[in-house]
Amino acid sequence: MLGPVVSVSKQTPMHRAEQAMTSFFLLRRLRLVGTGVPSHRPRVLHFLAGMLLAAVAEFATHGCGVQSGSPPDLIVLKVTDLGTLPTNPDILGRDGGYSAVFQGYSTWLYGDTFLAKPNAEDFTLISDSWSDTTDLNARDGITGFQERLDSTGAPTMILPETSAEQTFNAAHNSNNCQEQPCGARWALWPASILVDPTSGHALIFYMLVYALPAASISKP
């Protein structure tokens, strides 16, 4: 079941070479109740994406019962390059990579995800995806990643689009474009994931971005 958007605050537009984007920080509440969850995950998923700014400030101020004071002295003893993490061969590439331990799983969130073949909605680019693994020991690398897949075997998004976002993105989908500019989209980019040990919820911070392909950006 999906909850409503609970708060929106507009931020300063940002740009990068291949896209023009207007970004918004959204606090959207999302709850996945386990419907259609793969058999390897016999548990109810409870994701709560975003939270009220007041709650964020309260958490940042008081933490999780940790006393304030000087941080402990940390010394880096060794750094080891473990190489590229194994991934689904149907995924050509992904942006980002935020992770947290959630209900015994190492859960990873990604931004733009490029697919080797179209998903059930005929997209080869989705704005977010996720995976998890029970491998919690990174000394020899991290393996065993699994994704929640759609009917075509493509990875699914963890942040569902609203009906308006779905309609807009479908109409401008580069694979079957019906409206100009082709490739324009509303993208949901995950950021940090924070697990509340008391409630068992995972809080996901993310941006809602209006993105245009480079070819449609007029030069000054």
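Just name the residue that is modelled with the lowest pLDDT out of those in the stretch 53-99 that are surrounded by 10 or more Cβ atoms within 10 Å (Cβ to Cβ) and over 22 Å from residue 132 (Cα atoms). It comes out as 53. In the condition set (1) over 26 Å from residue 85 (Cβ atoms); (2) free of Cβ contacts under 8 Å to residues at least 40 places away in the same chain; (3) of a type in the set (D, E, K, R), residue 185 is compliant with all but (2). Taken over the stretch 89-118, residues that are touching a residue at least 40 places away in the same chain (Cβ under 8 Å) and among the charged types (D, E, K, R) amount to 3.
Taken over the stretch 129-169, the criterion of being surrounded by 13 or more Cβ atoms within 10 Å (Cβ to Cβ), under 20 Å from residue 86 (Cβ atoms) and charged (D, E, K, R) is satisfied by 132, 135, 147, 148.
Based on what the data block shows, is residue 184 surrounded by fewer than 17 Cβ atoms within 10 Å (Cβ to Cβ) and among the hydrophobic types (A, V, I, L, M, F, W, C)?
Values: surrounded by fewer than 17 Cβ atoms within 10 Å (Cβ to Cβ): no; among the hydrophobic types (A, V, I, L, M, F, W, C): yes.
So residue 184 fails the test.
Considering only residues of the stretch 177-191 that are over 22 Å from residue 116 (Cβ atoms) and assigned to a strand (DSSP E or B), which is modelled with the highest pLDDT? Filtering the stretch 177-191 for residues that are over 22 Å from residue 116 (Cβ atoms) and assigned to a strand (DSSP E or B), the one modelled with the highest pLDDT comes out as 186.
Suppose the filter is surrounded by fewer than 20 Cβ atoms within 10 Å (Cβ to Cβ), farther than 23 Å from residue 84 by Cβ, modelled with pLDDT under 90 and out of contact with any helix residue (DSSP H, G or I) (no Cβ under 9 Å at 6 or more places or on another chain); does residue 174 pass it? The answer is no for residue 174.
Filtering 149, 136 for residues that are in contact with a strand residue (DSSP E or B) (Cβ under 7 Å, 6 or more places away or on another chain) and in contact (Cβ under 8 Å) with a residue 40 or more places away in the chain leaves a single hit, 149.
Please work out if residue 194 is assigned to a strand (DSSP E or B) and within 22 Å of the chain's Cα centre (by Cα).
Details: assigned to a strand (DSSP E or B): yes; within 22 Å of the chain's Cα centre (by Cα): yes.
Answer is yes for this residue.
Note on the stretch 100-115: among residues that are loosely packed, with under 15 Cβ neighbours inside 10 Å and at pLDDT below 95, the one that is farthest from residue 165 (Cα to Cα) is 104.
The values are calculated or read from the model by the stated rules, or taken from the named source; none is laboratory data. This is a predicted model, so every value here is computed, not measured. As a convention, Cβ positions derive from the backbone with ideal geometry for all residues, glycine included, and neighbour counts pool all protein chains shown.
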